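Novice: Quick one: structure below, then a few questions.
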Amino acid sequence: MKYEYEPQGTCSKRIILDVDDETHVVNSVEFVGGCPGNTIGVSSLVRGQKAEDVIKKLEGIPCGMKRTSCPDQLAQALKKMVLASCALVFMTCFTSCQESKTERLEREARELTEKNCPQRITPDGSVILDSIVYHNDGSNEIKYFYTVNTDDEGALALQLQKKELERQLLSGVNNSIDLRHVKEMGVTIVHYYNRTVTDSVGPPRTENILTFQFTKNDYQ
């Protein structure tokens with residue numbers, strides 16, 4: 001999977017990534033801009049490593065007085081790719097003489113859920129992908145259901161960051177080469193982030209924290 005990411009708060013202007021869809025192994029990293037020695041060195045060191053391992057090592061590294069850096073922004077880019085990987089894996093192939101595109105999407109979503117879900121999206125397991133659903137009923141929506149393991153304070157913090165999270169998700173859709181067929185079909189992409197709440201009385205209940213919906217009018 002190839003992906004382009006626009007760093008925030010660094011001298012580098014763009015990060016171009018190539019990560020294996022199934023294993024999450026980093027095939028290559030290219031920084032556009034920034035300090036050549038540092039960026040080339042980082043790119044060389046992470047090549048051949050799993051994205052999850054790179055994120056653990058690089059996330060949060062500052063640069064002088066800045067709270068972020070080129071390594072930290074690389075970690076952020078890889079986090080987005082990991083979050084989007086399930087969405088990209090099953091949407092890369094739409095050619096079938098036996099099935100329509102919508103039938104293929106429905107089958108791939110079901111098979112991917114059965115094979116890979118629940119799947120840890122973040123290294124610490126705080127976000128888990130539970131299922132992917134596409135119904136060939138004319139709704140033309142792909143739905144992703146996540147469980148977020150957090151408390152009330154964490155849920156509120158995520159809600160306060162909704163606009164930024166939405167911007168990052170949409171950027172991932174727009175920059176993804178693998179989603180070009182999905183965008184051509186005008187598929188609506190919906191992400192549901194839920195958490196399980198246990199009250200003092202009654203059984204545990206599911207509470208929606210965030211919902212992101214991208215239609216053909218939203219993405220490029």
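The values are calculated or read from the model by the stated rules, or taken from the named source; none is laboratory data. Note that this is a predicted model, so its numbers are computed, not measured. Quick reminder, even Gly has a Cβ in these numbers, built from the backbone with ideal geometry, and neighbours come from all protein chains shown. Areas reflect the complete protein model, heavy atoms only, side chains present, ligands, DNA and RNA absent. Shrake-Rupley method; radii C 1.70, N 1.55, O 1.52, S 1.80 Å.
Novice: So, Ile132, is that one among the β-branched types (Val, Ile, Thr), at pLDDT 85 or above, surrounded by fewer than 18 Cβ atoms within 10 Å (Cβ to Cβ) and under 27 Å from Asp18 (Cα atoms) or not?
Specialist: no
Novice: Of the conditions (1) at pLDDT below 80; (2) in a helix (DSSP H, G or I), Phe94 clears all except one; give me its number.
Specialist: Going through the list (1) at pLDDT below 80; (2) in a helix (DSSP H, G or I), Phe94 breaks only (2).
Novice: Answer yes if at least one residue in the stretch 174-191 is modelled with pLDDT of 90 or more and open to solvent by 30 Å² or more (accessible area, probe 1.4 Å), and no otherwise.
Specialist: Looking for residues that are modelled with pLDDT of 90 or more and open to solvent by 30 Å² or more (accessible area, probe 1.4 Å), one finds none in the stretch 174-191, hence no.
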